[in-house]
Amino acid sequence: MGSVERKQRLREEVRGRIMRASWKIVQEEGWHALSMRRIADAIEYTAPIIYGYFKNKEAILWEFTAEGYAILSNKILEIARKETDPALKLEEIWLSYWDFAFENQAHYQLMYGVEMDCGKMEIMMPEMEAARELTNQAVKDLIATSKDPDADPCRTFYTFWAVVHGLISLNLVRKTTLSQELSRSVLRDAIRAIIASVRSKERQN
């Protein structure tokens with residue numbers, strides 16, 4: 001192995017150590033505890049070395065955000081491939097957001113700003129676009145089968161999103177008295193109600 005390859009492998013190993021140390025801090029103490037200094041201390045490096053791999057903490061947050069969206073997009077893609085009925089597909093897609101949120105709470109908090117102090121991301125990353133586009137297409141497919149095929153898919157998307165994200169946030173942040181199982185059933189009922197409303201709504205003249 002040449003010197004260039006050795007340097008590249010060493011750089012990848014250090015970068016991996018930074019990401020693993022960052023994730024360990026987040027899992028043990030939450031996103032608020034993550035800092036470049038904490039990461040440097042965890043892997044026994046100086047802070048300037050960490051900055052040689054990541055411009056700032058936000059760059060590390062970006063990496064974890066992309067990772068979360070990739071996981072979510074794969075879940076949605078699997079549903080989109082196996083389910084052909086628009087209503088069932090959309091129901092399963094939105095329920096996958098719920099499942100993802102509780103299987104990957106730290107990722108979900110970062111991706112959607114739940115109890116986070118970090119600023120809103122202004123640039124949509126490819127992984128985020130993939131999740132959004134798959135869900136948007138399912139919404140459009142549902143509308144195409146409705147009594148008003150010209151309905152606004154953006155408005156319909158955000159109607160679903162408000163209900164789904166709202167209920168997830170209530171469970172993640174406020175810890176409602178409902179069990180997660182019951183809350184998921186409530187969410188399913190709400191999703192089905194919106195789907196029924198979309199399909200039955202007459203065209204507005």
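The values are calculated or read from the model by the stated rules, or taken from the named source; none is laboratory data. These figures come from a predicted structure and were not determined experimentally. Here the Cβ is made from the backbone with ideal geometry for all residues, glycine too, and neighbour counts use every protein chain on show.
Odds and ends about this structure:
Each row is one residue, and each column tells you yes or no for (1) under 19 Å from Val186 (Cβ atoms); (2) modelled with pLDDT of 95 or more; (3) in contact with a Lys or Arg (Cβ under 8 Å, 6 or more places away or on another chain).
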| position | (1), (2), (3) |
| --- | --- |
| Ile93 | yes, yes, no |
| Val114 | yes, no, no |
| Glu122 | no, no, no |
| Met125 | no, no, no |
| Thr135 | no, no, no |
| Ala138 | no, no, yes |
| Asp141 | no, no, yes |
| Ala144 | no, no, no |
| Ala162 | yes, no, no |
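Yes/no matrix, rows are residues, columns are (1) of a type outside the set (Lys, Arg); (2) modelled with pLDDT of 95 or more:
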site: Glu63; (1), (2): yes, no
site: Ser73; (1), (2): yes, no
site: Lys82; (1), (2): no, no
site: Phe100; (1), (2): yes, yes
site: Ala106; (1), (2): yes, no
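Condition check ((1) at pLDDT 95 or above; (2) out of contact with any Cys (no Cβ under 6 Å at 6 or more places or on another chain); (3) under 21 Å from Glu127 (Cα atoms)) across all residues:
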site	(1), (2), (3)
Gly2	no, yes, no
Ile25	yes, yes, no
Leu34	no, yes, no
Glu44	no, yes, no
Ile50	no, yes, no
Lys57	no, yes, yes
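- Whichever residue in region 35-78 is among the aromatic types (Phe, Trp, Tyr) and outside any helix (DSSP H, G or I) and, among such residues, is farthest from Ile93 (Cα to Cα): Tyr45
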